[in-house]
Amino acid sequence: MTTLVDASTPSAVLDRVSLVLDAFDGPGRLTLAQVVRRTGLPRSSAHRMLERLVHLRWLRRQGRDYELGMRLVELGSLAVHQDRLHRAALPFLHELHRVTGHVVHLAVLDGPDVVYLEKIGGPVAAAIPTRVGGRQPAHCTSVGKAILAFSDESRLPAVDAELPGRKTRYSIATGAQLRTELARVREHGIAFEREESVPGFGCVAAPIGNIGDAVAAVSICGPVAQMKLDHRLAAPVRMTALGIWRNVEGGPVRVQPTLQQQARPLLGGPAAGRRPASSPLPERLPA
């Protein structure tokens, strides 16, 4: 026998609230008509829900336009800062920025995209269109490639797949190209990105986590003309990833991080995995 659920029940209300809030997944404000088109809700229901969310500070109204409110900003910030991985990573991210002078990202994989948990940088950070909570197609970013290379293969698109969401003419376009690139990332334990997500910018990323189960990635980004995308930038990024994984509060005991097992010596130097997590990074890398 089929049980009918009244539209006023809590589960139905929450579903509608989620539908309305999901409509704001992107920049800019929305009108009532736009929310109705994106959600499929009746106009009167959408209007009542929008006004109630404004009252609760989940949304903000400017004239006839609606946008995400400060309460959601507050809750989102709390969620990020309460995250165990974020807490463990933050001091390492600031140190990596101090040493390299480049913009630093911490990101996780969510479906085909990466979601940024942190972004640290100076004046150049404004030129890179990423933000905490923002998304980018994983195959267009160094952090995405670093995670995918050390994740279960079920996450990868088919070899013959055309990849959506290309950001520049340098973005990876097919599943076959992506798999070739990920093989290089696995070989070296580091992912490079050259103008694949933002014209004029390059990135270097390393995975955080166990082999076959990377949970996140850390990267540095900057103008490609000012970055030498080689071992000199790879080394501090790999050491940062290793330090973060060791510092994850309540993480697995004595696990060997991805970079400890996979990392190869960098031009005759010590392997990243042999360096103690507490070892300081160099005072400053050459420009």
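The values are calculated or read from the model by the stated rules, or taken from the named source; none is laboratory data. Every value quoted in this text rests on a predicted model; they were computed, and no experiment measured them. Positions of Cβ are backbone-derived with ideal geometry, glycine not excepted, and every protein chain shown enters the neighbour counts.
Being basic (K, R) and under 17 Å from H86 (Cα atoms) narrows it down to one of R166, R184, R131, so name that one.
R131
crowded, with 18+ Cβ neighbours inside 10 Å, assigned to a strand (DSSP E or B), hydrophobic (A, V, I, L, M, F, W, C) and modelled with pLDDT of 90 or more: is that true of V198 in this structure?
no
Looking at V104, is it buried (at least 23 other Cβ atoms within 10 Å of the Cβ), touching a residue at least 60 places away in the same chain (Cβ under 8 Å), touching a Lys or Arg at 6+ places or on another chain (Cβ under 8 Å) and not aromatic (F, W, Y)?
yes
Can you tell me which residues in region 208-238 are surrounded by 21 or more Cβ atoms within 10 Å (Cβ to Cβ), assigned to a helix (DSSP H, G or I) and not charged (D, E, K, R)?
Passing the criteria: L233, A234, A235, P236, V237.
Could we say that A205 is at pLDDT 50 or above, part of a strand (DSSP E or B) and in contact with a Pro (Cβ under 6 Å, 6 or more places away or on another chain) here?
Answer is no for this residue.
Right, R87: over 24 Å from A225 (Cβ atoms), of a type outside the set (A, V, I, L, M) and either touching a Lys or Arg at 6+ places or on another chain (Cβ under 7 Å) or surrounded by fewer than 18 Cβ atoms within 10 Å (Cβ to Cβ) (or both) or not?
Judged against the criteria, R87 is a match.
Condition first: part of a helix (DSSP H, G or I) and modelled with pLDDT under 75. Can you find one or more residues in region 263-272 that meet it?
Taking every residue of region 263-272 in turn, at least one turns out to be part of a helix (DSSP H, G or I) and modelled with pLDDT under 75.
Looking only at residues in region 23-76 that are in contact (Cβ under 8 Å) with a residue 12 or more places away in the chain and under 23 Å from E118 (Cβ atoms), which one is surrounded by the most Cβ atoms within 10 Å (Cβ to Cβ)?
Once the filter is applied, the top-ranked residue is F24.
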